[in-house]
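A.B. asks: The structure under discussion is supplied below as structure tokens; questions concerning it will follow.
The values are calculated or read from the model by the stated rules, or taken from the named source; none is laboratory data. Just so we're clear, the structure is a prediction, and the values are computed from it rather than from any experiment. Each accessible area value is taken on the protein alone, full model and side chains, heavy atoms only, with ligands, DNA and RNA left out. Shrake-Rupley method; radii C 1.70, N 1.55, O 1.52, S 1.80 Å.
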Amino acid sequence: GPGPAAGRLPAAAAGDEGPVEGGPPDHSYSLSSGTTSEELLRKLNEQRDIIALLEVKMKEMKGSIRRLRLAEAQLREEIREKDRLLHAASAGTRKRHGL
């Protein structure tokens, strides 16, 4: 019955946002099996932590993308410069050999 599960945690814990540790992990059963407000709160806090972590990772990735774009622009510029030199050199040899 729902008796022991409902009274497992003190009602005061519902307002407590600290980590609820030492209790049994309840990832194995679904939300439908009489989830208490404390369990819902803990799940919400876990998800908030995950979202914060993902936001940090996204910022890092945006920084990486910016750096890669800069590196790509520099490489393109170097390739253009080398192309110019190659064209100039090949044009010079063509003139010398009268081709």
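A.B. asks: How large is ³J(HN,Hα) for each residue in region 81-86, as worked out from phi by the Karplus curve 6.51 cos²θ - 1.76 cosθ + 1.60 (θ = phi - 60°), to whole Hz, x for Gly and Pro?
C.D. replies: 4, 5, 4, 4, 4, 4
A.B. asks: R94 to D49: extension gain in nm, 0.36 nm per residue of separation minus the Cα-Cα distance?
C.D. replies: 9.5 nm
A.B. asks: Just the number, please: Stokes-Einstein D of region 36-98 in µm²/s, Kirkwood Rh from C-alpha pairs, 37 °C, 0.692 mPa s.
C.D. replies: Value of D from the Cα-based Kirkwood radius: 199 µm²/s.
A.B. asks: Continuing with this model, one more query. In the full protein assembly as shown, how much of R67 is accessible to a 1.4 Å probe, in Å² to the nearest 10?
C.D. replies: Accessible area of R67: about 150 Å².
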